[in-house]
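For reference, the structure is listed below as structure tokens.
No lab work stands behind these numbers, since they all come straight from the coordinates. Computed from a predicted structure; not experimentally measured. A quick note on method: Cβ atoms are made from the backbone with ideal geometry, for glycine too, and the neighbour counts reach across all protein chains shown.
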Amino acid sequence: MKSLEPEEDEAQLEIEEMIESLKQHLKECQKMGKYVEAQMTQNRLAELKEKKSELVVTKLKEDQENEIKKLDAIHDQEESKMEQEWLKKLEEHDEKAKLEEDSLRAKHEKEQQECRKEAELKITDKAHASQEMVGLKKMEEALAKQGKYANKYDDRM
């Protein structure tokens, strides 16, 4: 148990001194045959013991309430600190995610451009006219040599 406050300590000592004094008086009354006075002394002793118990209980309750307040304050500080750390980590995570997203987006755009260039090269390299198209082209050239431009224009339509 923690030490009592000075006033409470004095009150506690006073009560203990009174209890000791009344115990002595009770013994004297019993020796001298003053049983009525002994009964009154015994009643007073019970009252003082009850008062002493109440002081101890009151002090314990106050100590517990103070300890609870201190623990609540410590808990609130730790909770606040943890929340700040969490928000900081969340912000760092968001920044990192944004950088990774930007990097991935740039990489995908670069790959897409490369794929398009590659596809264009493959299409132009491998594009061959069909036999029908080759035949029409030859007929067009032949008509152009013969000077039949009108026929050539109609054939294209």
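The GluC sites (Glu not before Pro) of the range 46-118 include none that meets both conditions, a loop assignment by DSSP and at most 14 other Cβ atoms within 10 Å of the site Cβ. Projecting the Cα atoms of Gln112, Ile15, Cys29 onto the charge dipole of the chain, computed from C-beta unit charges around the Cα centre, puts Gln112 farthest toward the positive end. Rounded to whole numbers, the Karplus 3J(HN,Hα) couplings from phi for the range 56-66 are 5, 4, 4, 4, 5, 4, 4, 4, 5, 4, 5 Hz, using 6.51 cos²θ - 1.76 cosθ + 1.60 with θ = phi - 60°, and x at Gly and Pro.
Would you calculate, for the chain, the mean residue ellipticity at 222 nm contributed by helices, counting each DSSP H stretch of 4 or more residues as -39,500 (n - 2.57) and dividing by all residues, to the nearest 500? That comes out to -33500 deg cm²/dmol.
Quick one: Debye curve from the alpha-carbon atoms of the chain only, equal weights, vacuum; give me log10 I(q)/I(0) at q = 0.20 Å⁻¹ to two decimals. After summing over all Cα pairs, the log10 values are -1.19.
About its Cα centre, what dipole magnitude does the chain give when the only charges are +1 on Lys and Arg Cβ and -1 on Asp and Glu Cβ, stated in debye to the nearest 20?
1540
Here the residues Ser103, Ser21, ranked from fewest to most Cβ neighbours within 10 Å of their Cβ, fall in the order Ser103, Ser21.
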